[in-house]
Every structure is written in structure tokens, then in C-alpha cells.
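*Asks:* Please find one structure pasted underneath; my questions will follow.
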Amino acid sequence: MTNVDTRKLAAAQAAAELVEDGMVVGLGSGSTASLAVAAIGRRTAQGLRIVGIPTSEKTAEQARALGIPLTTLEAQVSIDLTIDGADEIERESLNLVKGLGGALLREKLVATVSKRLVIVADEDKLVDRIGENARPIPVEVAPFGWQSTARRLSALGAAWTQRMTPAGQPFITDGGHIILDCRFQSPGPAQVLQQQLDSMVGVMEHGLFLGMTSEAIIGSASGELLRLGK
């Protein structure tokens, strides 16, 4: 295991300990979230009684293999706790960039109805301001007429690339959409960009998760866990 993997594992295991008997739990997507799902699976094997709502088909497959009972968002009014990862975490606000794993739409739907959203990550994901590391902001768009949506994104100052699979085919989300990874040379306030993307025709969702996070559990190089927002 690399040092980064060790940090991710420590954060994921700490978050999994927050799960209590009888909870409805949102199961996140991505490398760190999958470690949390694995830890929850071990606890369910030991008798923990929960139901999970996966944020992607990949997570659903993992949960079923671990014996975690699953339910659907349609069947639940709210979710007690969601554990997920992030690609950027703004230290003071806990605003996030998510979606490099491609599950941003379902992740945001689950986060929106969660009483508590706990983010797990290693400290490399911490930033002082969203966008400072020039990581892309994923934008999920409808395939129909996507080039016109891309032109509108360019007019906002986005340098975009269409996400492709390792086989060189367009990446298709679980919802049947494509993703344009957008880098903004001079990103303004995240709240303004969020409003612009929310109002753009053709954009199904984007990777800005603002004001949603309850707590972030961060694995640090020192071996200690940083708990932000608690």
C-alpha cells in the first residue's frame, strides 16, 4: 500500500464507524468511497443492520458482493448518512469538486436528500479555494446537441475536453450522458459559476457541490486524521 492509500484507508474506516444500526446510508463512488463501502460491508457481516443507496452501478455491484442490503432513492424520504469522496475540498467552506469518477449526477441526488454528508479523502485533495489546482470541473451534458452546449461552456471561459474511456470511446455516465471536463483559467466565485452552469441548457449536472458537506475526514501524511467541520 502506498502512503496515499494508507491515508485513504484510515479516513474511510473512520467514516464507516459513524454508521449506526437502522440507518439508511448513501454509498459513495470512487477509490476512497469504495474503501468505506468495504468497511461497511465488514460491519454488516458482523451484524450491523442498515440499507444502502449506491451512487453508481459500480458501487451497487460492490455492495451486493459484500452482502449490503440495498434500497432505492424512490423508496426513501431521506438518507441518514452518506459517505463519499471528493476531488477537491475547500478547507474553510467544505465546498467540493466531485465527478472525476463520472457519478456526479447520482452523487448529488443522494447528497441533496442526506441529513449528513461525510467526505473521505487524503490531504492532497485539500485546497484553499476551489479551482486553485487547475483540476477540471466535470460537467455532465446531454448527448443531443452537445457541441452547442460545449460552445456555451467555452463562452464562460472553459477549456473543455470530452472524457473518453481507456479504449478511446466517449465516456457514458450511468444516466446515459457524456462528460466535458472543464478547466477555467480565471475561475470566479464558485457560487457564481454554479449559478451559470445550473441555468445552462444542455447541462444535466456539474461537479460543484457547494454547501452540502457536514464533515470531512482527511487522512494526513503525519498519520493523524483531520476532521473538518465537525
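*Asks:* What is the dipole size for segment 137-205, taken about its Cα centre, with +1 at each Lys and Arg Cβ and -1 at each Asp and Glu Cβ, in debye to the nearest 20? Present the calculation step by step, with values, prior to reporting the outcome.
*Replies:* Numbers: 4 positive and 5 negative charges, 53 e Å.
Taking the Cα centre of segment 137-205 as origin, the dipole is about 260 debye.
*Asks:* Continuing with the same structure: Using DSSP loop states and a limit of at most 14 other Cβ atoms within 10 Å to flag GluC sites (Glu not before Pro), what is the longest stretch of the chain containing no flagged site? Write out the running numbers ahead of the final one.
*Replies:* On the way: sites that count: GLU17, GLU20, GLU74, GLU92, GLU132, GLU224.
Free of exposed loop sites, the longest segment is 133-223.
*Asks:* Normalised radius of gyration for segment 9-143, please: alpha carbon Rg relative to 2.2 N^0.38 Å, two decimal places.
*Replies:* Dividing the Cα radius of gyration by 2.2 N^0.38 Å gives 1.02.
*Asks:* Can you compute 3J(HN,Hα) from phi for each residue in segment 174-183, using the Karplus curve 6.51 cos²θ - 1.76 cosθ + 1.60 with θ = phi - 60°, rounded to whole Hz and x for Gly and Pro?
*Replies:* Running phi through 6.51 cos²θ - 1.76 cosθ + 1.60 with θ = phi - 60° gives 4, x, x, 9, 10, 10, 10, 8, 10, 10 Hz.
*Asks:* Please go through segment 1-60 and write out the trypsin sites (Lys or Arg not before Pro) that DSSP classes as loop and that have at most 13 other C-beta atoms within 10 Å.
*Replies:* Passing both the DSSP loop test and the Cβ count: ARG49.
*Asks:* Which whole-percent values make up P(r) of the chain when all C-alpha to C-alpha distances are grouped in 10 Å steps starting at zero?
*Replies:* Pair shares across the bins are 8, 33, 35, 19, 3, 0.
*Asks:* Another one. Taking amide H positions as placed in the peptide plane 1.01 Å from N, state which residues far from GLU88 in sequence (5 or more) or on other chains have amide H under 5 Å from it.
*Replies:* VAL97
*Asks:* Given Cβ point charges of +1 (Lys, Arg) and -1 (Asp, Glu) and nothing else, what value in debye, to the nearest 20, does the dipole of the chain about its Cα centre take?
*Replies:* Around 200 debye, computed over the chain.
*Asks:* Now for a different question. Just the number, please: Stokes-Einstein D of segment 137-205 in µm²/s, Kirkwood Rh from C-alpha pairs, 25 °C, 0.890 mPa s.
*Replies:* The diffusion coefficient I find is 200 µm²/s.
*Asks:* By how many nm would the segment from ARG42 to GLU20 grow when fully extended, if each residue of separation counts as 0.36 nm and the alpha-carbon distance is taken off?
*Replies:* Details: separation 22, 0.36 × 22 = 7.92 nm, distance 1.35 nm.
Extending this stretch completely gives an extra 6.6 nm.
*Asks:* Which percent, nearest 5, of DSSP beta bridges in the chain are antiparallel?
*Replies:* 55
*Asks:* Could you pull out every residue, at least 5 positions away or on a different chain, whose amide H is within less than 5 Å of the one on GLU205? Hs are placed 1.01 Å off N in the peptide plane, and Pro or chain starts have none.
*Replies:* The list, which skips near neighbours in sequence, is GLU140.
*Asks:* Give the cross-link partners of LYS58 among the lysines, using a straight C-alpha distance below 25 Å as the criterion and excluding same-chain residues fewer than 8 apart.
*Replies:* Partners found: LYS8, LYS98, LYS108, LYS115, LYS125.
*Asks:* I've got another one for you. Just subtract the alpha-carbon distance of VAL77 and GLU123 from 0.36 nm times their residue separation and send over the number in nm, one decimal.
*Replies:* 13.2 nm
*Asks:* What is the set of long-range amide H partners of ILE79 at a cut-off below 5 Å, with H atoms built 1.01 Å from backbone N?
*Replies:* SER114, LYS115
Every read-out reported here was derived from the displayed coordinates using simple, explicitly stated rules and does not represent laboratory data. Remember, it's a predicted structure, so these values are computed and weren't measured experimentally. Neighbour counts are summed over all protein chains in view; Cβ atoms, including those assigned to glycine, are modelled from backbone coordinates with ideal geometry.
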